[in-house]
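Q: Take this structure first; my questions come after.
Please treat every number below as a calculation from the coordinates, not as lab data. Note that the coordinates shown come from a computational prediction; the quantities given were computed from them, not determined experimentally. Counting neighbours? That spans all protein chains shown, and the Cβs are built from the backbone with ideal geometry, glycine included.
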Amino acid sequence: MEECHIKLPSLVSDLLGASARRMLKALAEGETNPVALAAMADKNLRATQAQLCDALGACTELKPIYRRLLKMFLEELQFIDQQISKLDQELASLLSRHDDAVVHLAEIPGLGVDSAQQIIAEVGAGAATFPSAKQLSSWVGAHPGEEESAEVSKSHRSPKGNRHMRRILNQAANAAAKSKGTIFEIVYRRLVSRLGHNQTIGAIAHRLCRLIWIILHRGVRYEERGPSVNAKTRRHRTNRMIRELRNLAARGASLGT
């Protein structure tokens with residue numbers, strides 16, 4: 001993009017998102033009008049039409065070789081997406097007997113069916129390998145350690161542990177902190193002014209790790225303690241996750257036949 005003098009990445013936070021993909025696909029197929037390309041963006045995109053037109057202005061002189069390279073990149077990206085989708089469906093099929101555990105984990109704010117399946121694939125449906133939440137946290141590398149007091153970490157060294165699980169927990173912690181009306185939003189607001197964003201997310205990730213162990217090891221369900229979550233909201237979220245699991249299982253079965 002930079003070599004072509006197309007400044008789209010500076011205006012679109014996710015270059016692989018729906019808006020950017022539509023514009024890039026049209027560009028690869030020969031569209032040269034910046035106004036027509038900018039019109040393909042979603043209305044909720046922060047960048048204005050004028051800004052997008054300016055960023056895409058160089059497309060009028062884009063050389064054919066760059067169009068071919070862009071088309072090849074998009075085709076490769078589509079292939080990778082298809083492979084990921086197949087793997088997700090296979091994972092859902094393999095974990096179908098643990099659907100209850102998947103749903104129970106996915107009820108936690110910040111987690112969903114996909115992340116719940118990945119966690120169970122790493123630690124097991126009952127987290128039986130880990131006798132305590134502390135041991136699971138230590139294995140993941142999310143344990144605060146001996147140098148942490150009152151949730152303030154005095155050590156800034158990167159912990160050892162399972163990097164894949166830490167990535168899932170950090171992503172979930174960021175999402176949980178933004179979940180309106182949940183206890184995690186309250187915890188984030190209470191700690192962020194003192195710890196900063198990164199350490200606060202680490203503290204929430206640690207809480208999530210302990211919560212995951214409790215839910216898997218004891219077979220209990222998540223109970224929200226936040227102020228604005230009611231039974232109807234929880235029921236709606238649970239039903240949506242069950243539908244998602246059934247759809248994944250159905251697609252997986254169709255692939256196997």
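Q: If I model a spin label at Lys25 and Arg167 as a point 7 Å from the Cα along the Cα→Cβ vector, what separation in nanometres do I get?
A: So the label points at Lys25 and Arg167 sit 2.6 nm apart.
Q: List the trypsin sites (Lys or Arg not before Pro) within region 1-110 that fall in a DSSP loop (any state other than H, G, I, E or B) and whose Cβ has at most 14 other Cβ atoms within 10 Å. Intermediate values should be presented prior to the final figure.
A: Values: sites: Lys7, Arg21, Arg22, Lys25, Lys43, Arg46, Arg67, Arg68, Lys71, Lys86, Arg97; in loops: Lys7, Lys43, Arg46.
In loop regions of region 1-110 (DSSP not H, G, I, E or B), the sparsely surrounded trypsin sites (Lys or Arg not before Pro) are Lys43, Arg46.
Q: Which lysines, if any, have their Cα less than 17 Å from the Cα of Lys160, not counting same-chain residues under 8 positions apart?
A: Lys134
Q: Report the normalised scattering of region 1-144 as log10 I(q)/I(0) at q = 0.16 Å⁻¹, calculated by the Debye formula with identical scatterers on the alpha carbons.
A: So the normalised log intensities are -0.85.
Q: Give, as ranges by residue number, the residues of region 1-26 whose backbone N falls under 20 Å from the point 7 Å along Cα→Cβ of Gln83.
A: It comes to 16-17, nothing else.
Q: For the residues Trp139, Trp213, what sequence is obtained by ranking on other C-beta atoms within 10 Å, fewest first? Don't jump to the answer; show the numbers that get you there.
A: Values: Trp139 18, Trp213 22.
So the residues, fewest neighbours to most, are Trp139, Trp213.
Q: If you don't mind, another one. Checking the a/c ratio against 1.5 first, then a/b against b/c, what shape does the Cα gyration tensor give for region 8-86? Write down the numbers at each step before the final one.
A: Numbers: a/c = 2.43, a/b = 1.27, b/c = 1.92.
Oblate.
Q: Follow-up. For Lys7, give me every one of the lysines with a C-alpha distance below 29 angstrom, ignoring sequence neighbours fewer than eight places off in its own chain.
A: By straight Cα distance, Lys7 reaches Lys25, Lys43, Lys63, Lys71.
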